[in-house]
Amino acid sequence: MTNIQLVERLRAGDPQVFCALIEQLQHPLTGYLHRLVGDREVALDLAQETFIQVYRKIGKTTGDLPLNAWIYRIATNYGLHYLKSRRLKQCVGFNVPELFDKSLAVAGPEEQVETRILVQQALGSLKPVDAAILQLHYGNGFTYEEIGQVLEVSSEAVRKRMARGVEKFRKVYGKVPSSKKM
Amino acid sequence: MAEYSKKLHTTYGDMIAIIQGQHLEDSPTIQQHLCDCPQCQQRLFELSQTNRTLDVIGQMARDQRYPELSPERVLVYARHGIQKKIRGNIDPDSLLNQYIAYEIKKIKRSSFFAASFASLSLLIIVVGILIILIGNTLLGLTISATVGITGIFLFMFLNKVRKAYKQIDKLSKELQEEKVVSRNLSIDNEACE
């Protein structure tokens, strides 16, 4: 099924296609949100919210919609909104839990746990949108063009932001004691 | 080329593109500069290390596991505009109960504000009447306006309650039919498969 056919069937409210879409995208999307917001439960809620929005808003789109990028755009907006409100809560003194949970780090090989924690910490100190770009590129394998579609900017703008993000990451990650680095 | 090579250092964007094997328009010029410039070579080395570190994100993505979302539930939420969302297996009765509890909580919150506002308005009215009795017309008009605004707020509140009950009623019927969700919405497991 082509992207246009898929969008058309979704626009027509076809539940089978919607089910298939959820099954296909839920894991990479939830993973992306988890790494972005740093909280597994929040990520699961945001992923569900994303699919609800997809169902509700797909009727207002056109057939040539880049579906994948559009869904990730909705998810990214949810993620960035969550991070913004979270930072606001921290500013006014609410007790907000740690930015990432350990489940991200312990899911892989034992020798990588520390590196994974440090990488997440370093990403957490970047601007959320820069972190989102790095997560999409390194975590979900998106090209600059695809990221551009997600963020509604040009590939060139993504390239610049990516460079800025990597450089900031390098500086922040560089502050971590060298014995802890990979 | 020589001028570029001497004067301009390679940007981080270009370096990342080189590390990731992407095509660059000025590739020969940049490569030449990198051969000639120890400073850029050092930066390229550092950046390639950072790039390797960032590859950990991809490995994290591959190792992550999550519980399955229920397409049925997502469709119910989307179609009925339910704001209070619960993950986990769908049970129409418990979903309805939780939804009712959520709506009641909302109504209670609204009623608290409506009651507070009504009490305040009442106090203003009493004070206003006392002032009118003394003979001040302007304050009398202010009080009339206040009464009007209070009326609007109370109307809005009652309307909210009416809508909430209507929504609960509608949902209740739909969920009853739907023990459901599947057949009416054509999205039981077979449909999903």
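The values are calculated or read from the model by the stated rules, or taken from the named source; none is laboratory data. It should be emphasised that the depicted structure is a prediction, and the values quoted were computed from it without experimental measurement. Cβ: placed from backbone, ideal geometry, glycine included. Neighbour counts: every protein chain shown.
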**Residues being surrounded by fewer than 21 Cβ atoms within 10 Å (Cβ to Cβ) and touching a helix residue (DSSP H, G or I) at 6+ places or on another chain (Cβ under 7 Å) - total across segment A:26-36** = 1
**Request:** Search segment A:155-170 for residues that are within 7 Å of chain B (Cβ to nearest Cβ) and pair each with any residue that is of a type in the set (S, T, N, Q) and not in a helix (DSSP H, G or I) when their beta-carbon atoms are under 7 Å apart and the residues are at least 6 apart or on different chains.
**Result:** A:Ala163/B:Thr11
**Item:** Residues that are among the aliphatic types (A, V, I, L, M), within 23 Å of B:Lys105 (Cα to Cα) and either surrounded by 12 or more Cβ atoms within 10 Å (Cβ to Cβ) or in contact (Cβ under 8 Å) with a residue 24 or more places away in the chain (or both), drawn from segment B:121-155
**Value:** B:Leu154
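Filter segment A:151-169 down to the residues that are in a helix (DSSP H, G or I) and either farther than 21 Å from A:Leu118 by Cα or touching a Leu at 6+ places or on another chain (Cβ under 6 Å) (or both) and list them by number.
A:Leu151, A:Ser155, A:Glu156, A:Ala157, A:Val158, A:Arg159, A:Lys160, A:Arg161, A:Gly165, A:Lys168 - these are the residues of segment A:151-169 that are in a helix (DSSP H, G or I) and either farther than 21 Å from A:Leu118 by Cα or touching a Leu at 6+ places or on another chain (Cβ under 6 Å) (or both).
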**Prompt:** Can you tell which of A:Asp45, A:Asp14, A:Asp39 is surrounded by 13 or more Cβ atoms within 10 Å (Cβ to Cβ), within 16 Å of A:Gln135 (Cβ to Cβ) and at pLDDT below 90?
**Reply:** A:Asp39
